[in-house]
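J.: Got a structure for you, written out below as C-alpha cells; questions coming shortly.
The values are calculated or read from the model by the stated rules, or taken from the named source; none is laboratory data. Only a predicted model underlies this, so the values are computations on that prediction, with no experimental measurement involved. Please note: Cβ atoms are built from the backbone with ideal geometry, for glycine as well, and neighbour counts cover all protein chains shown.
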C-alpha cells in the first residue's frame, strides 16, 4: 500500500470518528439539558404543591413536552402578531424601528385620537436583513409571523401601565451577537434593565413581569433562572416600559 493510500485511509478513519463524536454529542444535548434541571436540585417546602402534572417536590423540575400531533383542523394556524397599547406612536416607531430594526408597514388613523400601527422584520433572513418594501410586507401581512401591532389613544396612559395584574409579561428578541447588540443599545441610550451577565435587581420591574408576587418568591426562583441561562440574557424596556428579553441565537 502506498504512503498516499495509507494517508487517505487514516484521514477517512479520523473523519468517521469525528463524525461519530459530533453525532453523539448532538444527540445527547436534549438529555443533558433536561438532566441539568434534575441534577441541580433546589429544595423547597415539601408541603407545597405544583400546578404542573407529573411534577415532584424537588425543584427545578424539567417536564419535557409529550403532546401528540395537533388536530388536523388547525393545520396552517400560526401566531401572526402581538399587540401592545402605547402612549406615543412616534416614539414607539423610533424604538422598534431604529433600535430593533423593524420595518413600518402602515399606520391607520381612525380619528384624531385613536390610531394603530403595524411593524415587523423583513423576511429576507432570520434577522430581517433582506429588504422588502412596505407594499410587499402589507400584502403578506396575513401570511406572516412575528408582527407587532401598536394601538394608541392620544393623551392617555396605556392601561397596561395602570393595571398591576395585567397578564402581559414580556416580548422575546433573538440577536446574532448579544454583546454587540448591548453595546449598540447602550450607544443609543436604550433603557437596559438588565445587562448580560448581571444579576436581576429585585427592585426592578423584572420579577413582577416574570410572575413573582414578591421579593421572597423571586429569590426562591433564582436557582431555576440560573439553570435556564437567564443571566446571559439582556432585558430592555421600550418607551412605555414594556420589557423585551434579548437572547443570542444558538
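J.: Could you tell me whether segment 232-242 includes any residue that is at pLDDT below 95 and assigned to a helix (DSSP H, G or I)?
T.: yes
J.: Inspect segment 201-212 for any residue being buried (at least 16 other Cβ atoms within 10 Å of the Cβ), assigned to a loop (DSSP other than H, G, I, E, B) and at pLDDT below 90 and give the result as yes or no.
T.: The answer is yes, given that some residue of segment 201-212 is buried (at least 16 other Cβ atoms within 10 Å of the Cβ), assigned to a loop (DSSP other than H, G, I, E, B) and at pLDDT below 90.
J.: Can you pull out every residue in segment 66-84 that is modelled with pLDDT of 90 or more and surrounded by 10 or more Cβ atoms within 10 Å (Cβ to Cβ)?
T.: Matches in segment 66-84: 82, 83, 84.
J.: What pairs can you find where one residue is in segment 178-190 and more than 21 Å from residue 230 (Cβ to Cβ), the other is part of a helix (DSSP H, G or I), and their Cβ atoms are less than 9 Å apart, with a gap of 6+ or different chains?
T.: 184/99; 188/98; 188/99
J.: What is the one condition in (1) more than 25 Å from residue 102 (Cα to Cα); (2) surrounded by fewer than 16 Cβ atoms within 10 Å (Cβ to Cβ) that residue 218 does not satisfy?
T.: All conditions pass for residue 218, except number (2).
J.: Given the criterion modelled with pLDDT of 85 or more, under 20 Å from residue 230 (Cβ atoms) and not in a loop (DSSP other than H, G, I, E, B), identify the matching residue among 173, 151.
T.: Result: 173 is the single residue among 173, 151 that is modelled with pLDDT of 85 or more, under 20 Å from residue 230 (Cβ atoms) and not in a loop (DSSP other than H, G, I, E, B).
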